[in-house]
Every structure is written in C-alpha cells, then in structure tokens.
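The structure appears below as structure tokens.
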Amino acid sequence: MTGALAWQDFRYAHEQVCVSISSESVNMPGLQQWNRSHGGEGGSRKKISLSYFRNHNSVLVALRFSVSQALPPPRDASKTSLMLDTVIDTLIRCRFISHMEGFYLNCGSTSPTELNEINYTPDKEFIAVGNTTTIKQKDLLPILSTLRYFPDKSSRKHCYNFPVAQNSKYLIRTTYYYGNFDGKKTPPVFDQIVGGTKWSVVNTSEDYAKGQSSYYEIIVGVPGKRLSVCLAKNANTLSSPFISALDVQSLEDTMYNSTDLASYKLSLIARNSFGGDGEMISYPDDKYNRLWQPFSDKKYPPVTSRSSVNPSDFWNIPPAKAFVEGFTASKGKPLQLLWPPFPLPATKYYVALYFQDDRSPSPTSWRAFGVTINGVSFSRNLNVSTNGVMVYSGQWPLSGQTQITLTPAKESPMGGVINAGEVFQVIPLGGSTNFSDVTAMEDLLESIKEPPVDWSGDPCLPLANSWTGVTCSKEKITRVISLNLTNRGIAGSLSPSINKMTALKDLWLAKNKLTGPIPDLSPMTRLETLHLEDNQFTGAIPESLAQLPNLRILSIKNNKLQGTIPTALLQKKGLTIQASPENMASTNKTPQPQVRVANS
C-alpha cells in the first residue's frame, strides 16, 4: 500500500486512538469486521473493534470503531497508522490519496466483482431504497448482470450519497443496461440529478435495441463533504428507473480547470481517440478511468506515433495511449474532420483537442497549422512536436454538425495531425440550497425515525424533486420555507439545529410519534405557524416561543408537556394557541380569547 492518508468529516472528542492498518486488511472485499489490540501504558492491552469499508483497490472510505477504555496518546505513528480523534463508535470517513481514489459500485450486486483491474463493490452502503434484480442473459459484463430499480411512484428522487473531499473535483459515470428486467420490453425514460442540478435525461432505448449498454459522464466540483447522484421520474417515465453501475472518480485540480466548476458542470458529449478501430482506452491506461472510444475516418488512414508523450505535461492528463494513433493529411493539404459525428444542440461546450507529431524525435519533427471549428479560429499557428500539445476552450459555442479543420502553415514540413478530442456540454449549476438549511435538514434526518424514503440528496433542488414535505423558495440561494410532515408516522426527536432554518414560515409536525423536548426556536423569526399537536413531546413549553414576532398559530395539544403555558405566550397579541387543559394556568380556568383548549 503506497500513498498517504488525508482526513475529512471528523468529529473531535476526548480520546486518541492509534490503529495500524495492514495492506492485506484494506484489500479484503466489502464491509468487514477487523479486531486489533493496542498496547497501553505498563504493557496493558486495549482491544479495538474496527469495522471498515473498502470501495475498491486500496481505498479506505469508512471506519467505525469502539474501545473498552481510554487509550494513552500514541507516541509515534508510522505511515500505515491512522490517528483518529472521535466520539466512540462514530462513523469516520477518510480517503486514501491515489489516482484511483473514488467509488465503484456494481448496483444490485451482493458481492464484489472486478473489471479492468477495478474492484466494483455492492451499492447497498450508499443507498437505502430500491429493489435489486439479476439479468438472466449470457455473456454480460459482470457490472451489467445486476441492477437496482426504483418502483416507488411517490418518491421525488432516489439518491446515492458519497462522503467526498471538500472542494474537490469528480468524474461521475452512470451505466445502464435494461435487460428487460421488468418484462415490459422497452427501457424507461427518466432524469438523473447530481447535487441539486438536473444532469440529463436517461434514454437507453436506441442502445438497448442494438444489444448495447449506455453510459453517461459528468465532471463536477463539490464544495461540501457529500456528493449525491440521483434518479427521478419525469413526465415521460412509464416504468421504474434503474441503474447498473455507478463510478465516482476523483480528479486532479489541474484537470478541466478552465471551467468554473463552482458555477457549471461538464456533461460528456464525446471522448475519442482518433485513427483506431480497436479497443476502447480505459483504466489502467487512463489512470482516471475515463473512456476513450476509437474513432475512424475512411478519408484519413491512421498513422502510428514513433514517440511517446508524458501525460503529466498536459492539464487534463490524457493517457499516453490516446496519442499512439491519429489522423494526418499530406503536406499543404487541409484535414477536415466531422466530429463529433452527430449534430449538437445550440449551446456552449468545453472542447479539448490533443495533437502530437507522429515521427521520431528530431529537430525537424514538428509541424505548424491552424485549427478552426465551423470556420471560426480555434488556434492560430499551432506548433506541434513529438512532445504533443493540447488546445482547449471552456466556453465554445456549437450548433448542429461540427467540422474541425486543420490548415497547414506555408512553412510547415508536414500537414496537420490530430490524435484525440473531448467535448462536454457546459451545464449551468441549478442554484444552491442555503448551507444552514441543508445541515439542519440533515440533522433532522438523523434525529427522526421512519423519514420519507426520498429524504436523500439536496433537500430543495431541483425544485421539482425536493424532499417530500419540503417547500423551498425560488431564490438564487434556495431556502426551506415550509416543512409539512403531518401524519407521516415519524418517531424520534426534534433536532435542536432545526432553528438554523431561519426562513421557515410553516412547521407542521402534527400527528406523529415525536418525543423529547421542544427545542429553542427563537432564531426562526419568520415562523408563522407551528403545529406540534398529537405527538409525545415532553418538558416545559418554551417561553422563547414568545420571541417569534410573526407567530400566529401555536398548536401543542395532546402531548406530554409539563407545566403551564408561559405568561409571555398568553399575552402575545395576534397568537392563537391550541393547548391541552392540563397546560392551562390553574388560576385562569377560563381561556383567554386567543387560547383554545383542546377539548373545547
């Protein structure tokens, strides 16, 4: 095991534990239980129970541990040791830094499988909903033989959630093979969502008719520590959305850095290596597991390079194998390439083209040419040597058929040459949800039991796919303005951090099984209606509720609250209170006009 360990999503506490992880233990597949002993002061032994999850080759993504008593601080930590500051038995997430950092899921499977030297693991640790099935068809790739599907018609979205490095960059690939799993003979059409942005429509019908699988890729920036990838029904969805495999691959900061990924996402249109008609280039040739499809053109027989390039010399770190073959034209002749080979909708695209002189290295192994796309200059007087060069644009307008033309300079000893290309559609971010609202909703999700099944991913976005019971504003920074979980059978307690949702106007949690105290809601100054009736709340009725300037309705009847309604609440003008008789002041047997007793 090589590389280093980096920290993320840690919760600090009072004890320090040093755990030695061997490479053998990390490489064990799936979710394992592993026990180690640690020698304390005076030769005493302290046993640590450690559960970990390895998501693919040498990538440790989650730890859960417990100790019987406090351990002394370790005096030394080797390269294979982890220093953990945490609450006992708290889930810890860490990431093994290597070029294969990420998550590779064989959706619907029950055991790991290997493809192109990558270990694909079952997906159940990253999603809590959906059904699984097996495709009964011979000669399928392992990752296509199982899938997860989502028959629940009431859910607004179905999300995978991943712990990731903050302010990081990821390539996401979703793979679909229908296999007639539902007996309806026609694949469903549905949406896929990343974070709070609708990514694309999934329509695999054409590929499936040819006996092929379909895949989609997108490059995203992740500002926080969590990444969600979701599927959702749309107006054209006639059956259950499904997914066969899901790849989440970390990228270097330099890669695709001309696009502001805080404002945009890059959805793959085409990625090709030119000149070849053989196998697709993927991992391990591309250490970031990008897929480079071969692309041939009868007008230009392929040429084979006599020299190699250093991928790290290029911002996007393309695989050296993508430069092995290419197209070239005769001296003085233009090279005209229709690529991508299909018309594009009118919008802006990220375009990257890769070039290398195919001759052996020498002082004369160079060529100069201009590059135009649809007649518009993309690069003037490009000088290409055996070292290779990349030319790219982060916001290039395209529409319809695309023609790339290489026009040699008069002094160039050779015609133009091109080896590979990438085109991505630039997708504006679909807004963002207020960070405090997101954390408050996530804390609420942790504190309650039996939440709605679609409470995963972004609580608000896309607005059509917000969490059940959640209504959000249409501002640039979206806020939660209403939460209605009336009669949902929800148990658990009300998280104190709910008061971070300062834009909330209506909070309706009536007719559930919520217990514990009513938290301090005084920061929620926009709150107008608060329905907590018919639960099992205990403790005193918070006097701080009187500090809510816009509160008009407070319903707390039929709970187990102790004491009487605070005087400040009784005296609050414009407030209607619905309360049980036992919470009325004994000296005030007749309710004030704004107070309604539950049985009156």
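Scanning region 197-221 for residues being out of contact with any Leu (no Cβ under 9 Å at 6 or more places or on another chain) and of a type in the set (Phe, Trp, Tyr) gives a total of 2.
For region 513-538, what are the residues that are more than 19 Å from residue 577 (Cα to Cα) and in contact with a Leu (Cβ under 8 Å, 6 or more places away or on another chain)? Result: 514, 516.
Scanning region 147-165 finds no residues that are without any contact (Cβ under 8 Å) to a residue 60 or more places away in the chain and either farther than 24 Å from residue 212 by Cα or assigned to a loop (DSSP other than H, G, I, E, B) (or both). Criterion applied to 573, 513 was being over 43 Å from the mean Cα position of the chain (by Cα) and surrounded by fewer than 17 Cβ atoms within 10 Å (Cβ to Cβ), and the one residue passing it is 573.
Tallying residues that are closer than 25 Å to residue 143 by Cα and surrounded by fewer than 23 Cβ atoms within 10 Å (Cβ to Cβ) within region 220-231 yields 3. Quick one: is residue 354 in contact with a Leu (Cβ under 7 Å, 6 or more places away or on another chain), buried (at least 19 other Cβ atoms within 10 Å of the Cβ) and closer than 30 Å to residue 428 by Cβ? For residue 354, the condition - in contact with a Leu (Cβ under 7 Å, 6 or more places away or on another chain), buried (at least 19 other Cβ atoms within 10 Å of the Cβ) and closer than 30 Å to residue 428 by Cβ - is not met. Do we have any residue at all in region 123-138 that's under 18 Å from the mean Cα position of the chain (by Cα), farther than 22 Å from residue 458 by Cα, surrounded by 15 or more Cβ atoms within 10 Å (Cβ to Cβ) and touching a residue at least 40 places away in the same chain (Cβ under 8 Å)? No, that holds for no residue. One residue alone among 456, 436 is surrounded by fewer than 21 Cβ atoms within 10 Å (Cβ to Cβ) and on the phi < 0 side of the Ramachandran plot, and that residue is 436.
The condition of being in contact with a helix residue (DSSP H, G or I) (Cβ under 6 Å, 6 or more places away or on another chain), without any contact (Cβ under 8 Å) to a residue 40 or more places away in the chain and either surrounded by fewer than 17 Cβ atoms within 10 Å (Cβ to Cβ) or in a loop (DSSP other than H, G, I, E, B) (or both) holds for only one of 377, 312, 308, that being 308. Number of residues in region 391-411 that are outside any strand (DSSP E or B) and crowded, with 19+ Cβ neighbours inside 10 Å: the value is 1.
Of the residues screened, residue 514 is one that is under 30 Å from residue 557 (Cβ atoms), outside any loop (DSSP other than H, G, I, E, B) and out of contact with any helix residue (DSSP H, G or I) (no Cβ under 9 Å at 6 or more places or on another chain).
Bear in mind these aren't lab numbers, they're just calculated from the coordinates by the rules spelled out. It should be emphasised that the depicted structure is a prediction, and the values quoted were computed from it without experimental measurement. Neighbour counts run over all protein chains shown; Cβ positions are idealised from the backbone, glycine included.
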